[in-house]
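Participant: Here's a structure for you.
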Amino acid sequence: MKRTWPLALGLALSLSALAAGLVMGTTPYLGWHLAARWTARVGFPIFLTTYLASSLVRLSPAPWSRSLARQRRWWGLGFAASHTVHLLALIMALRLDPAPRPLASLIPGGIAYLFILAMALTSNDAAMRALGRNWKRLHATGIHVIWLIFTLAYAKRIPVPETRQVGLVMTILALAALLARVLAHRRRGAQAFA
Ligand code: HEM
């Protein structure tokens, strides 16, 4: 199978989520709003796969985890593609929103989008060579900024009764993923001194 399939998966899932939102929404605004929600929801597992790819191979070395680690660039690009569809849906939802949001509330998400763009544009061998150590800095910072925005977006749903369940499940998944990264990092440290 082609190594690029996670990119096609990200695009296919997010476009399906967008179409489902538009079909289920009873008004154009509700349709785009649902599309924004569901494109983010399908993007989250793709993000988690990217976030965990290198850690899983350290925590559980096996052919499947090595193959995942080799493909992590394509999982990252799959996430960037799916979140570009989220961007399209949220722009439409914001345009149709009867109560416009204050500009300041868009800053954290906007910063995450700048990282997504920078990471997608530098996900190639030429950029890795050109940026050297800064490539790792950019990608390590970016992936944690995106993790933070996901975690905050879901954690703030926990106090609201209608979204409590999804908020709780996704926040726990995000925290578990962070824990896995910390454990993998510590294992790497222990191996370095072994
Ligand atoms: C300025 C940028 C952004 C805006 C204006 C925005 C807007 C929206 C809107 C309108 C929704 C639907 C809200 C609802 O269901 O009530 C949504 C959902 C969501 N967005 Fe975004 N978004 C932005 C960036 C991001 C980024 C960068 C991430 C992640 C890194 C993200 C993650 C989420 C999540 C997790 C949900 C909830 C999905 C669910 O209910 O499962 N958003 N966003």
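The values are calculated or read from the model by the stated rules, or taken from the named source; none is laboratory data. Remember, predicted model here, so these are calculated numbers, not experimental data. Here the Cβ positions follow ideal geometry from the backbone for every residue, glycine too, while neighbour counts run over all protein chains shown. Accessible surface is based on the protein model in full, side chains and every heavy atom, while ligands, DNA and RNA are left aside. Shrake-Rupley method; radii C 1.70, N 1.55, O 1.52, S 1.80 Å.
Participant: Please go through (1) within 10 Å of the ligand (Cβ to nearest atom); (2) surrounded by fewer than 10 Cβ atoms within 10 Å (Cβ to Cβ) for Gly132 and return the number of the only condition it doesn't satisfy.
Facilitator: (1)
Participant: Could you figure out which of (1) free of Cβ contacts under 8 Å to residues at least 12 places away in the same chain; (2) not in a helix (DSSP H, G or I) isn't true of Arg3?
Facilitator: Here Arg3 meets the rest and fails (1).
Participant: Return the only residue of Ala93, Ala177, Ala184, Ala120 being small (Gly, Ala, Ser), closer than 15 Å to Phe44 by Cβ and touching a residue at least 12 places away in the same chain (Cβ under 8 Å).
Facilitator: Ala177
Participant: Filtering the stretch 7-34 down to residues that are within 12 Å of the ligand (Cβ to nearest atom) and open to solvent by 50 Å² or more (accessible area, probe 1.4 Å), which residue is nearest to Leu68 (Cα to Cα)?
Facilitator: Checking each candidate, the answer is His33.
Participant: To continue, here is another question. Within the set of pairs 6 or more residues apart or between chains, which connect a residue that is more than 10 Å from the ligand (Cβ to nearest atom) inside the stretch 146-163 to a residue that is open to solvent by 50 Å² or more (accessible area, probe 1.4 Å) and of a type outside the set (A, V, I, L, M, F, W, C) with Cβ atoms less than 8 Å apart?
Facilitator: Ile158/Arg164
Participant: Something else: Here is a list: Pro108, Pro102. Which entry is open to solvent by 30 Å² or more (accessible area, probe 1.4 Å), closer than 25 Å to Gly25 by Cβ and either away from the ligand (no atom under 13 Å from the Cβ) or without any contact (Cβ under 8 Å) to a residue 60 or more places away in the chain (or both)?
Facilitator: Every option except Pro102 fails the conditions.
Participant: Okay, next question. Against the definition (closer than 22 Å to Thr171 by Cα, part of a helix (DSSP H, G or I) and free of Cβ contacts under 8 Å to residues at least 60 places away in the same chain), how does Ala35 come out, yes or no?
Facilitator: yes
Participant: Can I ask one more? Considering only the stretch 14-40, state which residues are over 15 Å from Leu87 (Cβ atoms) and not polar (S, T, N, Q).
Facilitator: Listed by number, the residues that qualify are Ala19, Ala20, Leu22, Val23, Met24, Gly25, Pro28, Tyr29, Leu30, Gly31, Leu34.
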